[in-house]
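The values are calculated or read from the model by the stated rules, or taken from the named source; none is laboratory data. Quantities reported herein were computed from a predicted structural model and do not represent experimental measurements. Virtual Cβ from ideal backbone geometry, glycine too; neighbours counted across all protein chains shown. Areas reflect the complete protein model, heavy atoms only, side chains present, ligands, DNA and RNA absent. Shrake-Rupley method; radii C 1.70, N 1.55, O 1.52, S 1.80 Å.
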Amino acid sequence: MKKIYQFLVLLLVATMGVGTAARAQEAGVVYDLTPTVSVKDSMIIVLQQGTYQSASAYFNPSGSYKAEVDGSCIYQVKYVSKLDDGTSIYALYNPSTKTYLSKKSNAQSVDDAWQCSIEVAEFQSSNQRKFIYGIFGQEDVTGRALIFAAKDNAQEYLVYSACPGFAATPWCNDWFVYEAVAREATARDKFESAYREVFGSGCDTDLFPVGDHPGCITQALYDEIQALYDRATAVRSDETCTDSEVEALTAELVAIKAKYESSRKGFEAGKYYTFANLQFGGTLMYESNGGLYATVGMTTLPDEVTTDHAAYIFTLEDAGNGAFYVKNFLTQNYFAAAPGLQKQWLTTSKPARSFTMPFLQNRLFNIQDPDSHMLTVDYSRKVLQWDDANSTGNQFYAYEVSDDVINMLSATVEKKRVADEYRAYYNSIKTLASDRYYASGITKDGNYANMGLVYGATTNAQETTEGSIYYL
């Protein structure tokens with residue numbers, strides 16, 4: 001059903017026709033959403049990521065995009081002032097948090113808010129406040145999407161590289177915007193909202209995976225979920241159900257969602273894992289020379305695992321409060337930090353930075369540090385920092401590596417690691433000795449090459465047959 005729902009939303013956005021594109025429910029209130037490119041003071045709106053990333057990712061204060069609209073996605077447009085050229089400047093107020101959108105933290109006053117213009121997107125516009133680069137699907141959003149540009153810098157945009165993100169990247173700065181009109185939610189509204197949240201994409205083992213890897217559930221729980229899906233799907237088309245029956249089923253949907261999320265197999269300290277991403281048809285993360293990389297064409301370890309595959313295996317050490325230090329099995333290096341957005345993620349020999357692995361949907365999860373910076377697999381085949389939980393490159397699968405494989409590899413991995421360390425030390429000592437040898441000024445033939453090492457000599461007992469002392 002979710003695919004159909006998303007298609008209808010996209011169709012409405014594409015045509016910008018009149019009508020309801022979606023509904024957002026919060027505490028008994030429903031917001032009917034209609035696409036708009038005309039904003040004004042006090043308008044209630046919802047922002048949806050533009051075409052580059054997702055047709056179903058909604059902006060909110062949580063730091064992670066919502067797949068379904070809820071009350072936290074509602075913003076009120078607040079008029080602030082006009083620029084000298086007549087451009088109107090606004091701030092975005094979130095009623096659910098009672099704060100304004102801000103770069104550093106949620107602001108309590110409009111003076112501390114991120115103030116911006118809101119203009120209709122225009123391909124390669126001469127007006128930077130409307131400018132879109134026109135790649136990654138932006139080609140067809142001219143006149144249909146809105147651009148949010150900073151009051152004091154027309155090239156600083158609200159972008160969906162993070163939630164929120166502020167950057168001069170006009171290929172991810174287009175937003176589809178909806179006007180939201182509130183009304184009281186009916187029992188059916190609440191049921192539909194709960195249904196979409198749990199079964200918006202359907203119900204199968206791809207969406208609710210069964211197994212022993214992180215993110216999986218038991219077969220018994222999947223059977224319970226499947227049975228509820230069948231009953232709830234039947235009720236969607238059964239208009240004879242009473243409000244009380246619909247409300248009871250809504251409560252079951254809410255309960256099964258909570259049970260599913262609490263029952264998924266999580267990550268454990270002391271266990272070994274591989275981290276896979278679906279970029280390029282399959283990538284497996286590995287560590288090499290102080291950095292993280294992604295191979296191509298591998299999503300799992302082969303049946304015949306050798307020492308060559310140890311760099312793809314990572315173990316977790318408890319860092320407290322549900323966080324872990326992540327260490328490579330082969331090199332013993334730990335995840336460290338990235339130098340900045342779109343920079344390669346580095347490693348270090350000692351645990352220095354902890355990480356959490358929050359799940360998104362099915363088995364997909366993010367890897368993020370305490371500052372909410374995230375690992376992503378990029379086209380460079382390197383693992384970089386990109387702080388967008390909903391970006392495909394930021395989403396990983398994990399496969400637990402069995403104790404049998406670890407025990408089989410441990411001896412040869414340790415032997416290789418010690419040999420590599422010895423070789424590195426040996427090479428560094430050779431270089432050090434070589435540098436000192438040549439610095440003395442003595443050449444390989446043993447003569448004094450540089451005047452100054454010995455600059456003079458005398459003798460009071462020289463044999464006449466020995467020649468000049470200069471040739472000593």
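So the values come out like this:
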| item | result |
| --- | --- |
| Sequence ranges 35-41, 97-103, 128-134, ranked by mean other-Cβ count within 10 angstrom, highest first | 128-134, 97-103, 35-41 |
| Accessible area of segment 38-103 belonging to carbon and sulfur atoms, whole % at 1.4 Å probe | 45 |
| Over segment 45-109: Rg over Rh, Cα atoms, Kirkwood Rh | 1.02 |
| 1.4 Å probe accessible area per residue over segment 139-287, in Å² | 42 |
| Calculated over segment 201-246: convex hull of Cα atoms, volume per residue (Å³) | 82 |
| Carbon and sulfur %, accessible surface of segment 270-426 computed with the full protein complex present, 1.4 Å | 47 |
| Derived scalar couplings ³J(HN,Hα) [segment 251-259; Karplus, 6.51 cos²θ - 1.76 cosθ + 1.60; whole Hz; x for Gly, Pro] | 4, 5, 5, 4, 5, 5, 5, 5, 5 |
| Listed peptides 139-149, 353-363, 302-312 by packing density, highest first (mean Cβ within 10 Å) | 139-149, 353-363, 302-312 |
| Accessible-area composition of segment 125-268, carbon plus sulfur, in percent [1.4 Å probe] | 50 |
| Inter-label distance, nm, simple model (7 Å from Cα along the C-beta direction), residue 306/residue 382 | 2.9 |
| Inter-label distance, nm, simple model (7 Å from Cα along the C-beta direction), residue 359/residue 34 | 4.0 |
| R0 of 60 Å, Cβ-Cβ distance residue 80-residue 414: FRET efficiency to nearest 0.05 | 0.45 |
| Rg/Rg_ref, segment 80-175, where Rg_ref = 2.2 N^0.38 Å and atoms are Cα | 1.06 |
| Assigned charges on the beta-carbon of Lys, Arg, Asp, Glu; segment 144-191 dipole about Cα centre (debye) | 200 |
| Lys pairs, segment 232-348 - Cα-Cα below 21 angstrom, 8 or more residues apart or on other chains | 4 |
| Extended-chain gain in nm, criterion 0.36 nm per residue less alpha-carbon gap, residue 260 and residue 242 | 3.8 nm |
| Förster-model FRET efficiency, 35 Å R0, residue 97 and residue 392, C-beta, rounded to 0.05 | 0.75 |
